[in-house]
Amino acid sequence: MERMQGEGEVDHLERPSPLTDKERVMIQDSWAKVYQNCDDAGVAILVRLFVNFPSSKQYFSQFKHTEDPEELEKSSQLRKHAHRVMNAINTLVESLDNSEKVASVLKLVGKAHALRHKVEPVYFKILSGVILEVLGEEFPEVVTPEVAAAWTKLLATVYCGITAVYEEVGWTKLSASTG
């Protein structure tokens, strides 16, 4: 099932079923522990993303040519972005029972990444995998298989929401005209 998209193509994952109350609680409880170490966790996630998927660095002027993980960790641009990513996830997790709030966060994030930063949407899918991997390693006692399954469902829902925003702003046409 793993395939890289052609330029500008938006991948359609099945939108998962809505989170159950139990899944919501598992996500919120596990996130509370992660968020206590918000900055470290955020930096660990982005460093892993940039080391394992170096093409994702192309969107960041400050460290797009940096390969050393320790140098990446020190980048103020990376640290700022990590902070923003963690805050956005925090807002989503706090708003799991408010679909309008979730939609508005995804719209903001999707629009900025599509229009301002021109980030290929597949990177949201890649980042989802990295988030799961890092949380599972850094918080093994918190992220049990059951909790990981709930996070997988949430992140798939987020990815579907973001790709919908990309389509709404005409992403395919946009990248075809600039490509």
task: Using the Cα centre as the reference, give the magnitude of the dipole from point charges on the C-beta atoms of the chain (Lys, Arg: +1; Asp, Glu: -1; all else neutral), rounded to the nearest 20 debye.
output: 700 debye
statement: The answer for the net charge of residues other than Q62 whose Cβ lies under 11 angstrom from its Cβ, with Lys and Arg +1 and Asp and Glu -1, is +4
message: List the lysines whose Cα sits under 19 Å from the Cα of K74, skipping any in the same chain fewer than 8 residues away.
response: K57, K64
query: Under 12 Å from a point 7 Å along the Cα-to-Cβ line of L108: which residues of region 56-93 have their amide N that close?
result: 84-85, 87-92
field: lysines with Cα under 27 Å of K22, excluding same-chain neighbours fewer than 8 positions away
entry: K33, K101, K107, K125, K153
query: With every protein chain left in place, what is the accessible area per residue of the chain in square angstrom, probe 1.4 Å?
result: 56 Å²
message: Let me check I have the definition right: for the chain, take the eigenvalues of the Cα gyration tensor, multiply each by 5, take square roots. What are those semi-axes in whole Å, largest first?
response: 24, 22, 14
- request: Divide by every residue of the chain the summed helix terms, -39500 (n - 2.57) for each DSSP H run of at least 4, and state the resulting mean residue ellipticity at 222 nm, rounded to the nearest 500 deg cm²/dmol.
  value: -21500 deg cm²/dmol
query: Ignoring ligands, DNA and RNA, what percent of the accessible area of the chain is carbon or sulfur (1.4 Å)?
result: 54 percent
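The values are calculated or read from the model by the stated rules, or taken from the named source; none is laboratory data. None of these values were measured; they are calculated from a predicted model. Counting neighbours? That spans all protein chains shown, and the Cβs are built from the backbone with ideal geometry, glycine included. Heavy atoms of the whole protein, side chains included, go into the accessibility calculation; ligands, DNA and RNA do not. Shrake-Rupley method; radii C 1.70, N 1.55, O 1.52, S 1.80 Å.
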